[in-house]
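Report on the structure given below.
The values are calculated or read from the model by the stated rules, or taken from the named source; none is laboratory data. This structure is a prediction, so every number in the text was calculated from the model and none was measured. In this analysis, Cβ positions are derived from the backbone assuming ideal geometry, glycine residues included, and neighbour counts consider all displayed protein chains.
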There are 6 protein chains.
Amino acid sequence: MALVFFLFAFLLCTITSHVVAIDFCIADLKGGDTPAGYPCKSPTNVTVDDFVFSNFKIGKPNQFNFSFTPAFVDHFPALNGLGFSFGRVEIKRGGAIPMHTHADATEVIISTGGTYIACFITSDNKVYTKTLTEGNIFVIPKGLLHFGLNIGKGKASGIVVFSSEKPSVQILDIALFGNNLDSGIIGKTTYLDVAQIKKLKALFKGSG
Amino acid sequence: MALVFFLFAFLLCTITSHVVAIDFCIADLKGGDTPAGYPCKSPTNVTVDDFVFSNFKIGKPNQFNFSFTPAFVDHFPALNGLGFSFGRVEIKRGGAIPMHTHADATEVIISTGGTYIACFITSDNKVYTKTLTEGNIFVIPKGLLHFGLNIGKGKASGIVVFSSEKPSVQILDIALFGNNLDSGIIGKTTYLDVAQIKKLKALFKGSG
Amino acid sequence: MALVFFLFAFLLCTITSHVVAIDFCIADLKGGDTPAGYPCKSPTNVTVDDFVFSNFKIGKPNQFNFSFTPAFVDHFPALNGLGFSFGRVEIKRGGAIPMHTHADATEVIISTGGTYIACFITSDNKVYTKTLTEGNIFVIPKGLLHFGLNIGKGKASGIVVFSSEKPSVQILDIALFGNNLDSGIIGKTTYLDVAQIKKLKALFKGSG
Amino acid sequence: MALVFFLFAFLLCTITSHVVAIDFCIADLKGGDTPAGYPCKSPTNVTVDDFVFSNFKIGKPNQFNFSFTPAFVDHFPALNGLGFSFGRVEIKRGGAIPMHTHADATEVIISTGGTYIACFITSDNKVYTKTLTEGNIFVIPKGLLHFGLNIGKGKASGIVVFSSEKPSVQILDIALFGNNLDSGIIGKTTYLDVAQIKKLKALFKGSG
Amino acid sequence: MALVFFLFAFLLCTITSHVVAIDFCIADLKGGDTPAGYPCKSPTNVTVDDFVFSNFKIGKPNQFNFSFTPAFVDHFPALNGLGFSFGRVEIKRGGAIPMHTHADATEVIISTGGTYIACFITSDNKVYTKTLTEGNIFVIPKGLLHFGLNIGKGKASGIVVFSSEKPSVQILDIALFGNNLDSGIIGKTTYLDVAQIKKLKALFKGSG
Amino acid sequence: MALVFFLFAFLLCTITSHVVAIDFCIADLKGGDTPAGYPCKSPTNVTVDDFVFSNFKIGKPNQFNFSFTPAFVDHFPALNGLGFSFGRVEIKRGGAIPMHTHADATEVIISTGGTYIACFITSDNKVYTKTLTEGNIFVIPKGLLHFGLNIGKGKASGIVVFSSEKPSVQILDIALFGNNLDSGIIGKTTYLDVAQIKKLKALFKGSG
């Protein structure tokens, strides 16, 4: 009977080996990106380490009391084609995440500690605000202006999930003041005073 | 032979009439929206007028010298499930479209006249600017801050296409200053001076 | 404080520069097409002109009184992955667009002038006909036979939007009579008289 | 130890029973269709028979020597959301499937017997023809004109798969001649002679 | 000038208020599910609490030393249409997660503490094993058999992300032994000895 | 008039030849796979044979009384991007298809003869069983454990359709016993006796 089973296993293996394994599509980052993601790394070169991202650690806090560690498809090729990615954030006491948007990604915050106010503003101009503590999850719909504040007595930390393998971030101040966009035009299209614009351009190293 | 053809037509019709027509899915706006769009209006109630949007006209210009006429799925149910929608815009001499984003829609501007500067800022903080005239098409990627200026001697007009049936718009000033978001928090997260914030809150009828 | 802001901007930039910009995916037409579109042009080579299509102009009318200017992804790589594309059409007095289908694209006609009858036939054999004038939009569901007639006293013009980056067109007469498909087989499968078929094959330069 | 296992099973069941089963989404045909398919039948009402279509049999041949048995989502609700459906066809000796298109479906023919010529015409006006016998599969790309001929000495049969849960069919002759579309307009847009049109309108019971 | 701004804001609001807010689609769980998700809750009834899941806490450990807290769309309607969901897991010393599959979901494990071996087996019969500690992320491709073991000296914990709003879990033993599937048939199709099957059926409360 | 038609055809051809044919995307298997499928073979190299799979024949039965002939995208490149593929199966009297899953594919069985019991087990631990005969179709939802038994007096045969171009199969016994996964770990995570595991490892040529 062992022989029979051997043959059986052999035959089934033969059937399944006609095609290369397709249980996954690890990104070949050197291949060109496409609207659906990167080409797949050849299955024969894939090892268990392709499925692991080891450095999802809290980074050193910066002067602004927060750190952010991304695990996007460019850092973690196993996310290719999955449509989501991750970040790890820690905000020191008193810190804030400034006003920003993610162009094509809903953000989900999983609070892992501290007391953090998350806030977003919808396109019909309503303000949604929530104080988050450990074990809370909060959803920030795609593309909307949002920000956060650590209002607790210690650090606030979280794991964030984005509905994109490659979420982009547009920090409002950097976008408005950190490039060479003419101050007069900024004024005309944002109704900010030119003096205010020039003050922030100086801070954010913009010109114009 | 006519009889044969009659039977033929009859039989084919029988085959095809087993199921209701499914060449289209006109939105039943009274049904609940879903992540994929509205339920389909019953095909038996559909008429040719369901495929027509008649009022894609230039509206009256407002005090700011522009008009905007939307043809989104809520106005034009034939767009249900198509993933795009339309707008018609006319900007008077000297007018501007203020800084804004569309959370989940790429915008395509088809210039139909005048001289119009379109500008967007990417998430890596580059400014892309182009002067558009009749017969130019310009693509503004999804979710990015952008604005426009009529720099010509007359009106500027265009047809815009959005990569969403229901594009939303978030006007920067209204989002920041047109609600009750606390001025201190706005200051902390945008680096704007509180005096500037309060000035614009007054203009945009916000409080806080 | 300026120093602080400088550091802040620096740090945020560092965060965002870990990955290349992904706000857009301009087609690299030399890369192989995929079911989801072309590979993305390297972001470092992208300029503002990649977002512009300059020649969306009315072409010279042909002997049949119409012109058609396409802006598909192969002409306008910024449309890559967007799922729609454009055409500009002008039909002289008395002109017609002959019976045809678009295999995988819904067509939307935005009338920009004149008086034009648009007509499509559904799979349950109903005829939907509408007379379009400036400011009307008309939707022709995917894959159905349709045609148009300029019934006005002057030109009729429009902008068309297709629900595909690469819409194809199958002109009925060219498909039936402009190749070497055997006349007997055409007769057997269309019930047209062979004399009629041969007459049109002569006109459309087909053989067989 | 049995107790332990009992508790284990109990606990896991508790975990998994928090939500209703979502391994499938059988169509609730009475619910309104949406662009993504029908609402799901309540899982508590689903039985094994919801996964079965029993009548995928060859039907009686008609006067034209063929039969067609559809298994689309409206006949077989288990196909809801799957994006494909089936048909069973048998063509008697000498029979033909007339020129037609499927607006939104690629068709795959799996020949189960006989000798059958399948033919499609692409949008760049090339004719692709293949003689199929048992054990051949043939793909007809979405939306293109195609037809078939039984050229064997007996019946030809096949199973067809469509890349749509609800494929539509547009038979060329019925679309052109089986309704009240004006003969003059048909002539102007198809270049067919009006006499030919009127002859076929008589056969296909059209008017105009 | 204040008046002008007021009018401006008013007009823009008018433009944007033509359609209801569509920045999000919170699930209306009472509406029928569809292949694309639940219908959207009416935006007028949405509050900030719809975006919050408060109980993403570690549950009480069971006899097997693990707890699992799901945050799927049925528990957290804000995930509707997003295509992912969450779970929180804690495994006591010596605990194991038994062999199981998620039919339609890739699983991502974000280790938050302890020492945990995660393992999956691909369809070409390779075993991928990794020891995870705090700050590691591991991807388990969709639909494959996998399991985990706490091999550390204390608890192991993690946050899991599934590539489905409604991930299902099929525990191998419960599927095989916890129902009334005939032991002879199980033996014939799994090659397990009937005595072994009956022993496990007794433990998992199955019959047959 | 012939000249006019010639010019007409010429002009239309010119319009349509601006872009390469895009009615299909035959897989270029040498190009790297992507999450959306293979790159498209250059249309200029495509012939009618690219649309044909000729060997969809019943293979020789193995010692276990069944044969399986796959027509997946790697065997039949015309399936690229279609999202489904095919197999042909024949099971001799008394044969069984052992317990297995398809990680990312719903399976549809179209019975073409014999008497075959198909069975699947859902994630809420219900057993769905059906006896299939010629002309029955049965749907096995994605990712679930299932198996089949020929209970008739002769062969049972079928055509299977998978909702994936590249369905994978995970045979339960081969996955558990046909590799070097440690028997103790298998025991701990499946509750099988180690003796049973070692017996099957011997049969399926596994080690550990």
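Every residue, every condition in (1) in a strand (DSSP E or B); (2) in contact (Cβ under 8 Å) with a residue 24 or more places away in the chain; (3) farther than 24 Å from A:ILE185 by Cβ, yes or no:
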| residue | (1), (2), (3) |
| --- | --- |
| B:ASN125 | no, no, no |
| B:LYS130 | yes, no, no |
| B:GLY143 | no, yes, no |
| B:LYS153 | no, yes, no |
| B:GLY158 | yes, yes, no |
| B:LYS166 | no, yes, yes |
| B:LEU176 | no, yes, no |
| B:LEU181 | no, yes, yes |
| B:ILE185 | no, no, yes |
Original post:
Within the group F:SER168, F:SER157, which residue is within 8 Å of another protein chain (Cβ to nearest Cβ) and either under 20 Å from E:GLY178 (Cα atoms) or under 25 Å from the mean Cα position of the chain (by Cα) (or both)?
Top reply: F:SER168
Original post:
What single numbered condition from (1) over 17 Å from the mean Cα position of the chain (by Cα); (2) under 18 Å from B:ILE171 (Cα atoms) fails to hold for B:PHE147?
Top reply: (1)
Original post:
Taking into account only those residues within the stretch C:62-71 that are in a strand (DSSP E or B) and not aliphatic (A, V, I, L, M), which is modelled with the lowest pLDDT?
Top reply: C:PHE66
Original post:
Looking at C:GLY148, C:GLY208, which one is at pLDDT below 95, more than 7 Å from every other protein chain (Cβ to nearest Cβ) and touching a Leu at 6+ places or on another chain (Cβ under 9 Å)?
Top reply: C:GLY208
Original post:
Would it be correct to say that A:PHE86 is touching a Pro at 6+ places or on another chain (Cβ under 9 Å) and either free of Cβ contacts under 8 Å to residues at least 40 places away in the same chain or more than 25 Å from B:ASP104 (Cβ to Cβ) (or both)?
Top reply: no
**OP:** Kindly provide the set of residues from the stretch A:13-28 that are part of a loop (DSSP other than H, G, I, E, B) and either buried (at least 19 other Cβ atoms within 10 Å of the Cβ) or modelled with pLDDT under 95 (or both), ordered by number.
**Re:** A:SER17, A:HIS18, A:VAL19, A:VAL20, A:ALA21, A:ILE22, A:ASP23, A:PHE24, A:CYS25, A:ILE26
Subject >> Of residues in the stretch A:89-105 being under 15 Å from the mean Cα position of the chain (by Cα) and farther than 23 Å from E:PRO141 by Cβ, the one farthest from the other protein chains (Cβ to nearest Cβ) >> reply: A:GLU90
Subject >> Residue among B:ILE140, B:ILE151 that alone is of a type in the set (Val, Ile, Thr), touching a His at 6+ places or on another chain (Cβ under 6 Å) and assigned by TED's automatic domain parsing to the domain that holds B:ILE58 >> reply: B:ILE140
Subject >> Within the stretch F:174-199, considering residues that are out of contact with any strand residue (DSSP E or B) (no Cβ under 6 Å at 6 or more places or on another chain) and crowded, with 23+ Cβ neighbours inside 10 Å, the one nearest to F:GLU90 (Cα to Cα) >> reply: F:ILE174
Original post:
Of all residues in the stretch A:80-101, which are assigned to a loop (DSSP other than H, G, I, E, B), out of contact with any Lys or Arg (no Cβ under 7 Å at 6 or more places or on another chain) and not small (Gly, Ala, Ser)?
Top reply: A:ASN80, A:LEU82, A:PHE84
Original post:
Looking at the stretch C:37-56, which of the residues that are over 13 Å from the mean Cα position of the chain (by Cα) and over 29 Å from A:LEU29 (Cα atoms) is surrounded by the most Cβ atoms within 10 Å (Cβ to Cβ)?
Top reply: C:PHE53
Subject >> Flag if D:GLY148 is surrounded by 22 or more Cβ atoms within 10 Å (Cβ to Cβ), touching a residue at least 12 places away in the same chain (Cβ under 8 Å) and at positive phi >> reply: no
Original post:
Do the conditions hold for D:PHE162, that is, is it closer than 25 Å to F:THR112 by Cβ and crowded, with 21+ Cβ neighbours inside 10 Å?
Top reply: yes
**OP:** Could you list, in sequence order, all residues of the stretch D:36-65 that are at negative phi and touching a residue at least 60 places away in the same chain (Cβ under 8 Å)?
**Re:** D:ILE58
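Yes or no, residue by residue, for (1) part of a loop (DSSP other than H, G, I, E, B); (2) touching a Lys or Arg at 6+ places or on another chain (Cβ under 7 Å); (3) surrounded by 20 or more Cβ atoms within 10 Å (Cβ to Cβ):
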site	(1), (2), (3)
D:ILE58	yes, yes, no
D:VAL73	yes, yes, yes
D:ALA78	no, no, yes
D:ASP104	yes, yes, yes
D:VAL108	no, no, yes
**OP:** Give the residues of the stretch D:187-200 that are touching a helix residue (DSSP H, G or I) at 6+ places or on another chain (Cβ under 6 Å) and more than 19 Å from C:LEU149 (Cβ to Cβ), sorted by residue number.
**Re:** D:GLN196, D:LYS198, D:LEU200
**OP:** Scan the stretch F:157-200 for residues that are more than 30 Å from F:VAL73 (Cα to Cα) and either in the same structural domain as F:LEU79 (by TED's automatic domain parsing) or aliphatic (A, V, I, L, M) (or both) and report the count.
**Re:** 8
**OP:** Only residues that are touching a helix residue (DSSP H, G or I) at 6+ places or on another chain (Cβ under 9 Å) and either more than 9 Å from chain B (Cβ to nearest Cβ) or β-branched (Val, Ile, Thr) (or both): list them for the stretch A:128-145, please.
**Re:** A:TYR128, A:THR129, A:LYS130, A:ILE137, A:PHE138, A:VAL139, A:ILE140
Original post:
Taking F:ALA118, is it among the hydrophobic types (A, V, I, L, M, F, W, C), closer than 24 Å to E:THR106 by Cα, crowded, with 18+ Cβ neighbours inside 10 Å and under 20 Å from the mean Cα position of the chain (by Cα)?
Top reply: no
